[in-house]
Each structure stands twice: as C-alpha cells, then as structure tokens.
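The values are calculated or read from the model by the stated rules, or taken from the named source; none is laboratory data. In this text, all values refer to a predicted model and were calculated from it rather than measured experimentally. Backbone-built Cβ (ideal geometry, glycine too); neighbour counts: all protein chains shown. SASA here: full protein model, heavy atoms, side chains in, ligands and nucleic acids out. Shrake-Rupley method; radii C 1.70, N 1.55, O 1.52, S 1.80 Å.
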Amino acid sequence: MFKIARMVCGILCVGVLLGMLSLATGAAIAAEDFTYAELRNRSFAGEDLTGSSLAAANANEADFTDADLSETILTKGVFEKAHMAGVNLTQSFADRVSFNGADLRNAIVVDAIMTSTTFYEADITGADFSGTILDRYQIKQMCEHADGVNPVTGVATRDSLGCG
C-alpha cells in the first residue's frame with residue numbers, strides 16, 4: 001500500500017513539474033527581446049512587457065509611463081530622460097543601467113537588483129524601492145531628494161531607501 005502511494009505521489013509530482021515547465025516556457029515565448037535595440041523616443045506607455053529583455057537597449061527619452069516591466073532584464077540599458085512615471089520594475093535585473101534624468105515618479109521598484117545603476121537628476125518622488133539592492137553611494141545621493149509616498153504600495157520613498 002505504501003509503495004503504491006509513493007508511486008502515485010511521484011507521478012503527480014512529475015506532472016506538476018511538467019505543467020510548471022510548460023507555463024514557464026510559454027511565459028518566455030510571450031516575453032519580447034529588445035536586447036541592443038534602438039528604442040529612443042519610442043512609446044511603450046501602459047504596455048505589459050513582463051519578463052522581457054531590454055539589455056543594452058538605448059531607451060533615451062522613451063515613454064514607459066504606467067508600463068509593466070516586472071521581471072525584466074535591463075542590464076547596461078540606457079534610460080536617460082525616459083518617461084517612467086508609474087512603471088512597475090518589480091523583480092527586475094538592472095545592473096549598470098543609467099536612469100539619469102528619468103521621470104520615475106510613483107514607480108514600483110520592489111525586490112529588484114540595481115547594482116552600479118545611476119539615478120542622477122532622476123525624479124523619484126513617490127517611488128517605492130523596498131527590498132531593492134542599490135549601491136550605498138547611490139542610496140545616499142537618492143536620499144538627498146527622496147520625497148513622497150507611493151500611491152499603490154503606500155510606502156514612503158525615504159523609508160523604502162532606508163534614508164536616516
């Protein structure tokens with residue numbers, strides 16, 4: 001009896017894993033690949049780009065207002081002066097990205113990795129950076145002008161950055 005139960009459990013576990021794998025594969029197919037793309041001045045306002053790659057993309061002055069960029073890869077991307085108010089960057093990987101001069105008002109940047117990423121002259125009013133890994137120096141710079149409360153998460157920008 002115990003052997004049959006273990007066998008049924010094993011079959012069910014394999015079935016669940018195969019189902020999860022097919023879902024993950026389907027999600028990967030649905031994601032877009034903008035790696036090394038020229039996206040300057042392009043509009044993605046309100047679009048769902050979950051899981052996409054924008055690695056090394058030039059997105060200067062592009063419009064990502066209220067777009068869903070959660071779980072995206074933005075490594076070495078350039079988003080200078082980009083319009084990103086209300087953008088969702090939850091669980092994104094943004095290593096060595098420039099958000100200099102970008103409008104990140106009310107952005108949700110939760111549990112992301114943003115090492116060696118810069119935000120010089122970016123508007124981060126109301127942005128939530130809870131759980132995001134940022135360089136200590138960059139946090140110090142951001143805390144100098146951090147203000148507001150994110151309207152979706154209710155978290156103050158200063159609190160999410162750990163400003164003293």
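When DSSP assigns beta bridges and you keep just the ones with both residues in region 47-164, what percent turn out antiparallel, to the nearest 5?
Percentage antiparallel, nearest 5: 5.
Give me the one-decimal nm value for the distance between modelled label points at Glu38 and Glu61, 7 Å along each residue's Cα-to-Cβ direction.
If labels sit at Glu38 and Glu61, their model points lie 1.4 nm apart.
Percent of accessible area on region 44-164 owned by carbon and sulfur, 1.4 Å probe?
Solvent-exposed carbon and sulfur of region 44-164 make up 47 percent of the total.
Loop-only check: which chymotrypsin sites (Phe, Trp or Tyr not before Pro) in region 89-164 are DSSP coil with at most 16 other Cβ within 10 angstrom?
Sites meeting the loop and neighbour criteria: Tyr120.
Using 0.36 nm per residue, how much length does the chain from Ala156 to Ile133 gain when fully extended, once their Cα-Cα distance is taken away?
Working it through step by step, the gained length comes to 6.6 nm.
At a Förster distance of 45 Å, what's the computed FRET efficiency of Cys163 paired with Asp48, Cβ-Cβ distance as r, to 0.05?
The computed FRET efficiency comes out at 0.90.
Quickly work out the Ser116-to-His145 label distance, labels modelled 7 Å from Cα along the C-beta direction, and quote it in nm with one decimal.
Label-label distance for His145 and Ser116, simple model: 2.5 nm.
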